[in-house]
Amino acid sequence: MIDVNQLEFGLETFGDIVANADGSLQSAGESLRQIVREGQLADQYGLDVFGIGEHHRPDYSVSSPETVLAATAAVTQHIKLASAVTVLSSDDPVRVYERFATLDGLSNGRAQVMLGRGSFTESFPLFGYDLTDYDDLFNEKLALYDQLRTEKPVTWSGKFRASLTNQDVYPKTATGELETYIGIGGSPESIIRAAKIGYKVIIAIIGGRADRFKPYIKLYHEAAKKFNQPAYPIAVHSHGFIADDQDEALTVAYQNIKANFDRIGLTRGWAPMSHEQFDRETKYGSFYVGTPTVVAQRIATTIETLGLGRFDLVYGAGNQTAAQRERMIELYATQVIPQVKTILQAKQVTTK
């Protein structure tokens, strides 16, 4: 049974360039400052987590999430500050740990790392890595990160990085360990690996029905038991847009989410998103779009179906305006989340 009082609700942005009211686009700097403002709003509204993605391309403003999160730490008090995700495969685990340990100190223990292999591949040639080593890079660097998070001296050697001999990393965190998730795209191997080494997982559901991930969640629990590791509450993230009016929400979301997915699809061989595909995703799939009541019902169904402990809504896809983004955050926090909790509590009462 889901403990409604323990549920966490987060917001994530991939750093899409913000649009002005006249349709022109902000500069990267303006968009970065807007994201910090949005993190401040999320904190003021009492959300649990604020996550920022990492990309190295012109349609996104954030290539260094921890820098933006550090700025957000200065204007927030309670909200957890997460990457979404940090592309560990093309980064140095030592520097990742030290940067987020620094963020943890600045934020008084609110830093959270979300590690991933990277669904975008621009960082690999940028930092001198060969994409043919895609899986090996992540496996090796995760093994090193896993040792680093003990915050004890590390002796380690591998293929892609210089060896370490009884080497310490600084600063230390107040708790002795960074809270870390592994982002899962949908491969059984990934979720088994996360369970085997005792990590929390967040599943990216960016297409199709949520219930198709039930076997993965079952696999996570089975693997955790097999390897004698804790089975943490599962988190997911999915795209969405919320507005006061249903037609407005659908219009804005279709224009921007379609533009975002079509732009990405040019480099991945995807066909342009059709209106039928968008409608299917908003009614039954991974797009949480509509009024607060519509979105709350769909999120509650997903949480109940998958037995989740955390749901993150990815906002701002495409080039939405600052006003649209800020109103969405307000509606999510003040109307959607309370309704989700009410729906889940009512269902639990009726099933007793």
Check your understanding: Which of Leu106, Leu142, Leu164 moves the most in a Gaussian network model of the chain with Cα springs under 10 Å?
Key -> Leu164
Exercise for review: Please say if the range 12-103 is rounded, prolate or oblate, where rounded means a/c under 1.5 for a ≥ b ≥ c the square roots of the C-alpha gyration tensor eigenvalues, and otherwise the choice is prolate for a/b larger than b/c and oblate otherwise?
Suggested key: oblate
Exercise for review: Wrap a convex hull around the Cα atoms of the range 107-174, take a quarter of its surface area, and give that in square nanometres.
Suggested key: 5.6
Practice item. Using the structure shown, select from Lys159/Lys214; Lys218/Lys347; Lys141/Lys218; Lys80/Lys226 the pairs with a Cα to Cα distance greater than 28 angstrom. Key: Lys159/Lys214; Lys80/Lys226
**Study point:** Mean shadow area of the range 270-352, taken as a quarter of the surface of its Cα convex hull (nm²)
**Key:** 6.6
Check your understanding: How far is helix 246-268 tilted off the main Cα axis of the chain, in degrees rounded to 10, range 0 to 90?
Key -> 40
Study note, to complete from the structure: Under 5 Å from the placed amide H of Leu25, counting only residues 5+ away or on other chains, we find Asn20
Point to revise | Computed over the range 126-243, Kirkwood Rh from alpha-carbon pairs, angstrom | key: 16.4
Study note, to complete from the structure: Quick calc, Asp135 & Gln229: beta-carbon distance into FRET formula, R0 25 Å, rounding 0.05, result 0.70
Check your understanding: Once the other residues with Cβ under 14 Å from the Cβ of Ala21 are scored (Lys, Arg +1; Asp, Glu -1), what is the net sum?
Key -> -1
Check your understanding: From largest to smallest, what semi-axes in whole angstrom does the range 79-132 give when each is the square root of 5 times an eigenvalue of its alpha carbon gyration tensor?
Key -> 24, 11, 7
Exercise for review: Which order do the peptides 223-232, 61-70 take when ranked by the mean count of other beta-carbon atoms within 10 Å per residue, highest first?
Suggested key: 61-70, 223-232
Exercise for review: Match the structure shown to one of the listed values (i) 87, 47, 40; (ii) 60, 54, 41; (iii) 62, 48, 41 of Cα extents along the principal axes in Å, computed from it, and give that label.
Suggested key: (ii)
Point to revise | Helix-only mean residue ellipticity at 222 nm for the chain, each DSSP H run of n ≥ 4 adding -39500 (n - 2.57), per residue, nearest 500 | key: -13500 deg cm²/dmol
Revision key, fill the gap. HN-Hα couplings for the range 317-331 via Karplus (6.51, -1.76, 1.60; θ = phi - 60°), in whole Hz with x for Gly/Pro, come out as 4, x, 10, 6, 7, 4, 5, 5, 5, 5, 5, 4, 4, 4, 5
Practice item. Sort the range 157-218 into rounded, prolate or oblate with this rule: let a ≥ b ≥ c be the square roots of the eigenvalues of the Cα gyration tensor; rounded if a/c is under 1.5, and if a/c is not under 1.5, prolate when a/b is larger than b/c, oblate otherwise. Key: prolate
Check your understanding: Sequence-distant or interchain residues sharing an amide H contact under 5 Å with Phe241, placed H: which?
Key -> Tyr288, Val289, Gly290
Review point. Taking the DSSP beta bridges in the chain as the whole, what percent of them are antiparallel, to the nearest 5?
Key: 10
Point to revise | Other-chain or far-sequence residues with amide H under 5 Å of Gly51's (modelled H) | key: Leu11, Glu12, Thr13, Ala82
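We did not get these values from a lab; they are worked out from the coordinates using the rules stated. For clarity, every value in this text was computed on a predicted model and none was experimentally measured. Please note: Cβ atoms are built from the backbone with ideal geometry, for glycine as well, and neighbour counts cover all protein chains shown.
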